[in-house]
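*Asks:* A single structure is presented below for examination.
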Amino acid sequence: MASSSNPSNLCLDLSLSSDPVASHQGKVWCPSFLSSHGPLTDEDSMMMDPTTATIVARNLLTPKDSQLLSGRSDELAVQESLALSVQCAGSVSNMGQRLLARSRQVESLMAEVENLKQEIKQLKHENRTLHVLANNYSSGMKRKLDELDDRQRFAAFFQRHLFPGSSSVPPRFGALNDLSSVPPAPMPPAPMPPAPMPPAPMPPAPMPPAPRPLAPRVLPRSGASRTQPL
């Protein structure tokens, strides 16, 4: 007997559940909504068909509730049914208010969406306008830069041909933006051609020599001398 009381000889069965709640757990209640046409489906609606609403309300009572109602008098059952109806009506009213608030919230969100669509449309129009202005400004600036480049090339050409001895400084490209808004300077007038030099005076012709006087010739005559010019 003493050996039987030894703790080492005790065999404990640990496979059994020690939870007392699990042993008292009942069956899971699965209500079945049966009508004269068969069970209800997903296509049936309590809001559109009062018969379906009656079937659902009747089958919402658990078997325990049905047992409790069967043991009560008709008057008490009617009163409790009325209380249950009031509770259902309150729940439906609460759900309706929540749905109404949600619908108003949806309407507010839709109004905000419409406002955002209008703002997006206006922003797109402004973007198109800015794009056109930017293109026009770019085209105008390019045209002005081309004109300024042509004027500088023409000025360098005229300076190179009219003043070949002058030193010309090549234009700086960085100064094009500074000179784009400045009106071009007037072109200098072309220099007048030099007046023709008067012809050099001709040297005077040499004077002819003065004639020499003729020496008189003496002719011999008898008795007298006669002088004749040579």
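The values are calculated or read from the model by the stated rules, or taken from the named source; none is laboratory data. Everything quoted here is computed from the prediction, not taken from an experiment. Note that we place each Cβ from the backbone using ideal geometry, even for glycine, and neighbour counts take in every protein chain shown.
*Asks:* From the list R143, R104, which residue is in a helix (DSSP H, G or I), of a type in the set (K, R) and either more than 28 Å from the chain's Cα centre (by Cα) or modelled with pLDDT of 95 or more (or both)?
*Replies:* Being in a helix (DSSP H, G or I), of a type in the set (K, R) and either more than 28 Å from the chain's Cα centre (by Cα) or modelled with pLDDT of 95 or more (or both) holds for just one of R143, R104, which is R104.
*Asks:* Among the residues of the stretch 116-139, is any assigned to a helix (DSSP H, G or I) and under 30 Å from R58 (Cβ atoms)? Lay out the reasoning, then the answer.
*Replies:* Going residue by residue through the stretch 116-139, those that are assigned to a helix (DSSP H, G or I) are 116-139.
From what is left, the residues that are under 30 Å from R58 (Cβ atoms) are none.
No, the stretch 116-139 has no match at all.
*Asks:* Here's something else I'd like to know. Residues of the stretch 53-78 being closer than 24 Å to V28 by Cα, free of Cβ contacts under 8 Å to residues at least 24 places away in the same chain and assigned to a helix (DSSP H, G or I), which ones?
*Replies:* A53, T54, I55, V56, R58, K64, D65, S66, Q67, L68, L69, S70, listed by residue number.
*Asks:* Just checking, does the stretch 112-131 include any residue being hydroxyl-bearing (S, T, Y) and loosely packed, with under 10 Cβ neighbours inside 10 Å?
*Replies:* Scanning the stretch 112-131, I find no residue that is hydroxyl-bearing (S, T, Y) and loosely packed, with under 10 Cβ neighbours inside 10 Å, so the answer is no.
Table: residues versus (1) on the phi > 0 side of the Ramachandran plot; (2) at pLDDT below 75.
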| position | (1), (2) |
| --- | --- |
| S5 | no, yes |
| L10 | no, yes |
| W29 | no, yes |
| S32 | no, yes |
| G38 | yes, no |
| M48 | no, no |
| I55 | no, no |
| L60 | no, no |
| G71 | no, no |
